[in-house]
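Okay, so here's the structure we're looking at.
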Amino acid sequence: MNVAIMQPYLFPWIGYFQLINQSDIFVLYDDACFIKQGYINRNSILSAGAAQRFTLPVPGASVHKRIGELTFSRDVKKLLKTLTQSYNKAPYFAQVMPMIADVLEHDDRSITACCEYAISRIFTYLHSEKKIVRSSQLDYCRDENAENKVIGICKATGADVYVNSSGGMHLYSTANFAEQGITLRFLQAENMTYYQGQQEFVPWLSIIDVLMFCEPEQVKQALNHFTYIN
């Protein structure tokens, strides 16, 4: 059984969803401390032909607090207006915007809950389902180093394969995982190009952009646009 582990991100780029799609169980690592200027509460969309950063405020955010302790602001009117102005002419705006708004206005404002809900809604839209669990709900040793925490989470979920992004290759030892009966695989995500209503393609944007311009079947195909590397 494959497991992938990532911090909760709000509408991240498609590479994040490629990782989820390769897992039988996806673990939202909400035991981690909040990262300021990271991608937990912000990303980029296409606006006026260029990448534009959006941010959903996190009141009381601190690097000394766990992600699971923090909540998103309820003030989402400005962000909803920005998204509407940026994508109202996109081909799948009518189908996608209500889903985005539903996530942003979710009653449970915790970062973990909102991000979990976003993932679930997107995969449901794609006619797929994913099992999502929170690290804060698992029984593993939180006092270990980063590698042993991951191994502990794998064991807690019953996984024998850990799928990680290629950016973690320098963090983990294939041999150490193998000693624990776990196969370590690294996924190299690839950014798919698609028509954005303009001649020049703007890469590395939020999944929102992909959903707005691509039909569901095209998005599903993009989830397999990656390679495994050693």
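Each reported figure results from applying straightforward, stated rules to the coordinates on display, with no laboratory input. Because the structure is predicted, anything quoted here is derived from the model rather than measured. We place every Cβ from the backbone using ideal geometry, glycine too, and count neighbours over all the protein chains shown.
For each of H127, H225, count neighbouring Cβ atoms within 10 Å of the residue's Cβ, then give the residues from fewest to most.
In increasing order of surrounding Cβ atoms, one gets H127, H225.
Along the charge dipole of the stretch 140-230, pointing to its positive end and built from +1/-1 on Cβ of Lys, Arg, Asp and Glu, which listed residue (H170, I207, Y228) has its Cα farthest out?
H170
With axes computed from alpha carbons, what is the tilt in degrees of helix 146-157 against the longest principal axis of the chain, rounded to the nearest 10 within 0 to 90?
Tilt of helix 146-157: around 90 degrees.
Just rank C154, C214, fewest to most, by other beta-carbon atoms within 10 angstrom.
Going from least to most buried by this count: C214, C154.
What size of dipole, in debye to the nearest 20, comes out for the chain about its Cα centre when the only charges are +1 on Lys and Arg C-beta atoms and -1 on Asp and Glu C-beta atoms?
With Lys and Arg at +1 and Asp and Glu at -1, about 620 debye.
How large is Rg/Rh for the chain, to two decimals, with Cα atoms and a Kirkwood Rh?
0.96
From the C-alpha coordinates alone, can you work out the Kirkwood hydrodynamic radius of the stretch 73-156, in Å?
15.3
Using only C-alpha positions, report the orientation-averaged shadow area of the convex hull of the stretch 1-114, nm², one decimal.
Orientation-averaged projected area of the Cα hull: 7.7 nm².
Taking a quarter of the surface of the convex hull around the Cα atoms of the stretch 107-230, what do you get in nm²?
Reported value for the Cα convex hull: 9.8 nm².
Could you tally up the Lys pairs in the chain with alpha carbons closer than 27 Å? Skip any pair fewer than 8 positions apart unless they're on separate chains.
Close lysine pairs under the 27 Å cut-off: 20.
For the chain, modelled as a Gaussian network with Cα springs under 10 Å, which listed residue fluctuates most, P216, P203, P98?
Greatest mean-square fluctuation among the candidates belongs to P98.
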